[in-house]
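To keep things clear, I will list the structure first and then write my remarks on it.
The values are calculated or read from the model by the stated rules, or taken from the named source; none is laboratory data. Because the structure is a prediction, the values reported are computed rather than measured. Cβ coordinates were reconstructed from backbone atoms using ideal geometry, including for glycine residues, and neighbour counts include every protein chain displayed. Quick note on the areas: whole protein, heavy atoms, side chains included, nothing else; ligands and nucleic acids left out. Shrake-Rupley method; radii C 1.70, N 1.55, O 1.52, S 1.80 Å.
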Amino acid sequence: MDCFPVLKPYEIVGCLSDLGISVTEQDLLKPSPALMKSIYMQLLERLACITKEEIEQPVFGAMHVLEYPELHEESIPELAFGSALYVIPFLL
């Protein structure tokens, strides 16, 4: 099994900076959910060519099977975002 090296915060900041993602060591030491989502979204855009708009696009083909589709307007994009994150390790 492959094992990724454990990086120090300043090394992670450097790697993300090389990808054009601005983050500080302090951000990494006390991350907020919004910051982490932003970082992951930017990684998806740069590494997998998946845009935020594509992830947030509702899946109209599946909406007809939901009894109350309006209740899922926020949850479906979140699920799509989580699913898209699975591709990142395969791109590294």
Segments 11-23, 36-48 sorted - mean Cβ within 10 Å per residue, highest first:
36-48, 11-23
Listed residue (84, 15, 57) projecting farthest to the positive dipole end of the chain, Cβ model:
15
How much of the accessible area of the chain, in percent, comes from carbon and sulfur atoms when a 1.4 Å probe is used?
62 percent
List 76, 55, ordered by accessible area with a 1.4 Å probe, largest first:
76, 55
Say each of residue 36 and residue 67 gets a label point 7 Å from the Cα, pointing the same way as Cα to Cβ; how far apart are those two points in nm?
3.3 nm
Quick check: pseudo-label points 7 Å beyond the Cα along Cα→Cβ at residue 87 and residue 7, how many nm apart are they?
2.1 nm
Could you tell me which label, among [x] 22, 14, 12; [y] 22, 18, 14; [z] 30, 15, 12, carries the value of semi-axes √(5λ) of the Cα gyration tensor in Å calculated for this structure?
[z]
How much accessible area does residue 78 have with a 1.4 Å probe, in Å² rounded to the nearest 10?
90 Å²
